[in-house]
Amino acid sequence: MWHQSLLVIMLALLPAGLDANATDLAEAKQRLAEWEQKIVSMRVRAQVNSKPETNTLVKEAGYEFAGGDYDWAWEDTGRFRDQSTSWNSSGIATRSLRMADYKHYYPLGYSATDKKRETPISAAIRENNIRFTSLKLIQQPFHGLWDDTTRTWLGERIKNVTNATVTKQGLLEIDGSSIGMERFIVRLDPEHGYLPQSIEQEGFFLYHVDEFQEVEPGFWFPKTGSRLTTSAGYSCLQNWEIKEVELNPEFPDSLFVPPLADDTRVFNTITGRKYWHGGKRPANLPLAPDPQDQDSSQANENPLAATADQSTNWSMWLILIGVASVAGAVWMRRTS
């Protein structure tokens with residue numbers, strides 16, 4: 001099949017390397033540490049897209065395209081905003097928003113039936129004890145740079161690396177298990193601050209940065225790239241693009257204020273109080289689920305997505321591409 005041939009060709013272009021010396025690793029560790037130390041705050045706007053000729057599920061659902069827009073902002077005070085809107089040729093598929101101010105963390109839930117509604121139907125108020133948003137929705141451009149489990153940048157995790165090789169192209173290649181990415185091969189680009197240039201998982205999928213951008217002198221960040229995922233009977237080649245990067249901006253307080261409507265159901269997990277933001281529930285509005293145990297990244301998660309223990313080929317790329325409605329259509333078709 002075309003995607004198998006493409007994967008073979010892409011992997012064949014990744015040359016074997018020679019043992020790296022201590023200087024190579026020391027420079028990588030220093031550059032990545034300096035990269036991380038520069039970040040006080042950051043805002044990233046990104047987009048991913050996929051077409052039926054490169055995405056099996058998009059083709060089977062009959063859509064012309066599918067993708068998502070992502071807006072992520074973070075500062076080291078603990079405030080963050082992680083917002084996404086997924087779409088396809090039929091319109092909006094899902095919305096997701098999580099944010100935190102200095103004291104509180106707000107996971108927000110959106111309607112699964114009213115796709116045009118821009119305000120959340122439910123919100124939770126929790127203590128802000130999260131150092132960093134998980135980046136589950138926009139981790140393609142961050143792939144390898146950030147680790148959800150340990151909540152650390154690559155510069156922190158590479159400190160423990162003791163062995164590496166240098167490819168004929170001059171990339172520093174390390175075993176992903178040494179940085180918490182088991183079964184991965186990670187290739188770092190010394191010309192762009194040793195940021196991950198490609199990541200391979202046993203021929204299972206390939207992450208690749210096509211172009212880096214210099215946000216500030218000496219501070220590099222991914223700009224465009226692709227992610228190839230293959231499985232028995234399925235394939236997805238999706239492209240991602242970083243539309244804008246703001247390094248160390250001063251954010252207004254309003255960026256971290258939840259956009260609650262009068263009919264938003266609120267649950268304050270600190271006080272235990274449940275209420276409607278505008279005072280009472282509208283008579284014609286269905287009862288919104290209590291958001292006590294909901295997180296927007298989970299509430300909008302694709303029902304076909306497997307757990308982390310099962311396989312990453314469903315959960316990772318279906319969530320990232322934002323095609324919950326696509327997978328739902330395919331699931332209905334195959335089980336009917």
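Any read-out appearing in this document is the output of simple, stated calculations on the displayed coordinates, not a laboratory observation. In this text, all values refer to a predicted model and were calculated from it rather than measured experimentally. A quick note on method: Cβ atoms are made from the backbone with ideal geometry, for glycine too, and the neighbour counts reach across all protein chains shown.
Below is a table of values for the structure above.
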quantity	calculated
Over the stretch 179-241: Rg over Rh, Cα atoms, Kirkwood Rh	1.03
Loop-resident sites, the stretch 156-222, for GluC sites (Glu not before Pro), counting at most 13 other Cβ within 10 Å (DSSP)	Glu182, Glu202
Sequence-distant aspartates and glutamates (8 or more away, or on other chains) whose Cα lies within less than 18 Å of Lys274	Glu127, Asp262, Asp263, Asp290, Asp293, Asp295
Cα→Cβ-extended label distance, 7 Å offset, between Ser177 and Asp114, nm	5.2
Interchain or long-range residues, amide H under 5 Å from Phe184's placed H	Gly176, Ser177
Sparse-neighbour loop sites [trypsin sites (Lys or Arg not before Pro); the stretch 151-209; at most 13 other C-beta within 10 Å; DSSP]	Lys168, Arg183
Amide H contacts of Glu173 (H built 1.01 Å from N, under 5 Å, at least 5 apart or other chain)	Thr165, Val166, Thr167, Leu188
GluC sites (Glu not before Pro) within the stretch 20-60: DSSP coil, no more than 13 neighbouring Cβ in 10 Å	Glu53
Residue-span extension gain [Ile39 to Asn248] - 0.36 nm each, minus C-alpha spacing	74.6 nm
Unsatisfied cross-links (Cα-Cα over 26 Å) in the set Lys29/Lys168; Lys103/Lys223; Lys116/Lys223; Lys103/Lys243; Lys59/Lys116; Lys29/Lys243	Lys103/Lys223; Lys116/Lys223; Lys103/Lys243; Lys29/Lys243
Cβ-Cβ FRET estimate between Glu27 and Thr269, R0 fixed at 41 Å, reported to 0.05	0.35
D (Stokes-Einstein, µm²/s), Kirkwood Cα radius, the stretch 27-140, 1.306 mPa s at 10 °C	98
